[in-house]
Amino acid sequence: MEIGKVGVLGCGLMGHGIAQICAQNGWDVVVREIDQGRLDRGMGKISKQLGRAVEKGKLEQADADAVLARITPTLDYGDLADCDLVIEAITEDLDGKLDMWREVDAIVKDDAYLATNTSSLSVADQAAVTGRPDRFIGLHFFNPAQVMPLLEVVRAEGSGDDAVQLGFDLGDALGKTTVAARDNRGFIVNRLLVPYMFDAMRALEQGVGSVQDIDTGMMAGASHPMGPLTLADFVGLDTLVAISEVMVESYGEDRFAAPDTLRSLVDAGNLGRKSGRGFYDYSGEKPVPVDPA
Ligand code: CAA
């Protein structure tokens, strides 16, 4: 199927990036949020990224304007009706996603494909509440979606071959490296990456090293672009707790359990970079590590 128009549900951390790369690829995009504030913030991030690309000479101003013009921000599910593909990137909460899919499935044209960008929830459970499980797949992008090369294409039990192929074709069109992943909790990357970040937090709790030293250790010692605690802040500490709950339930292994430090930070409203504080304080010019007392 030719994609002409893509719907993106959610214009947050992942949704705004997915909307941007789809529009940059020449597709019309409708991005839906639950309130005007969130929608404006997401669209503001897209404008800022495009502005930076223009400043760096990587994009002409006219092309940046054309990308923005291809994106229709909306609060109304009805605007998704004629999309060929709808990708959801809303909060990692299964009940919320199921409610949303029931509504969207009834509105979007029958031959459209649906995809979830969930990082940990079951793709099959989401497909099952729609009338088209054969047209439903997982498309797991990585943060920042504009930069990270990987796209995990997830085949759920009822996904049809056409839908899976569409996932790989979409990845190719966006210039992503694609991998096929089974519909298990965390797919490939989070299955390995989440326990790694949790281990870093446990190392911090055990006094193995400071926030800064643990991060520097993995950057300089293993050539990671970010240390694990910076990465946790970057992903969002509340998102990590949500992923942890799903993984513990699925695998029953302690290594997937959210460490105390992570829970305390989230309970205190410190969600990482997006809230301005997590393992680092982001209020100044440069992030400052916040070591546990
Ligand atoms: N949005 C858009 N573009 C961004 C960006 C953002 N948030 N952050 C950086 N970029 C762009 C920059 O504009 C720059 O572009 P150009 O090369 O065109 O100039 C490029 O990325 C490199 O950025 P910087 O030079 O500022 O910084 P950097 O070299 O340190 O790279 C990074 C930044 C790409 C984020 C890098 O630190 C990195 O790869 N970090 C690891 C990120 C990672 O592991 N992500 C996966 C998280 S796990 C996940 O997403 C799964 C899940 O479900 C939880």
Fill in: Contacts under 7 angstrom Cβ, first residue in the stretch 184-199 being farther than 11 Å from PHE256 by Cβ, partner of a type in the set (Val, Ile, Thr), 6 or more apart
PHE187/VAL154; ILE188/VAL179
Worksheet entry | Unmet criterion (only one of (1) among the β-branched types (Val, Ile, Thr); (2) in contact (Cβ under 8 Å) with a residue 24 or more places away in the chain; (3) in a loop (DSSP other than H, G, I, E, B)) for VAL179 | (3)
Discussion item. Kindly evaluate GLY17 against the criterion of being away from the ligand (no atom under 13 Å from the Cβ), small (Gly, Ala, Ser) and either under 20 Å from LYS97 (Cα atoms) or buried (at least 21 other Cβ atoms within 10 Å of the Cβ) (or both).
Written reply: no
Worksheet item: Being more than 14 Å from the ligand (Cβ to nearest atom), out of contact with any Lys or Arg (no Cβ under 9 Å at 6 or more places or on another chain) and closer than 16 Å to ASP291 by Cα, is that true of even one residue in the stretch 169-192?
Response: no
Fill in: In the stretch 139-156, residue farthest from ASP125 (Cα to Cα) [restricted to those that are open to solvent by 10 Å² or more (accessible area, probe 1.4 Å) and more than 7 Å from the ligand (Cβ to nearest atom)]
PRO149
Worksheet item: For the stretch 59-175, which helices (runs of 4 or more DSSP H) that fit wholly inside it have 2 or more residues that are at pLDDT 95 or above and closer than 21 Å to GLN20 by Cα?
Response: 61-69, 161-173
Practice prompt. Could you please let me know if ALA115 is open to solvent by less than 40 Å² (accessible area, probe 1.4 Å), aliphatic (A, V, I, L, M) and within 11 Å of the ligand (Cβ to nearest atom)?
Written response: no
Item to complete: Out of ALA53, ALA23, ALA69, report the one residue that is assigned by TED's automatic domain parsing to the domain that holds GLU103 and either hydroxyl-bearing (Ser, Thr, Tyr) or away from the ligand (no atom under 16 Å from the Cβ) (or both).
Response: ALA69
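Yes/no per residue for (1) on the phi < 0 side of the Ramachandran plot; (2) among the small types (Gly, Ala, Ser):
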| residue | (1), (2) |
| --- | --- |
| GLU245 | yes, no |
| GLY252 | no, yes |
| ASP260 | yes, no |
| SER264 | yes, yes |
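The values are calculated or read from the model by the stated rules, or taken from the named source; none is laboratory data. Owing to the predicted nature of the structure, the values given are computational and were not obtained by experimental measurement. Here Cβ is always computed from backbone atoms with ideal geometry, including for glycine, and neighbour counts include all displayed protein chains. Calculation scope for accessible area: heavy atoms of the full protein, side chains included, ligands and nucleic acids excluded. Shrake-Rupley method; radii C 1.70, N 1.55, O 1.52, S 1.80 Å.
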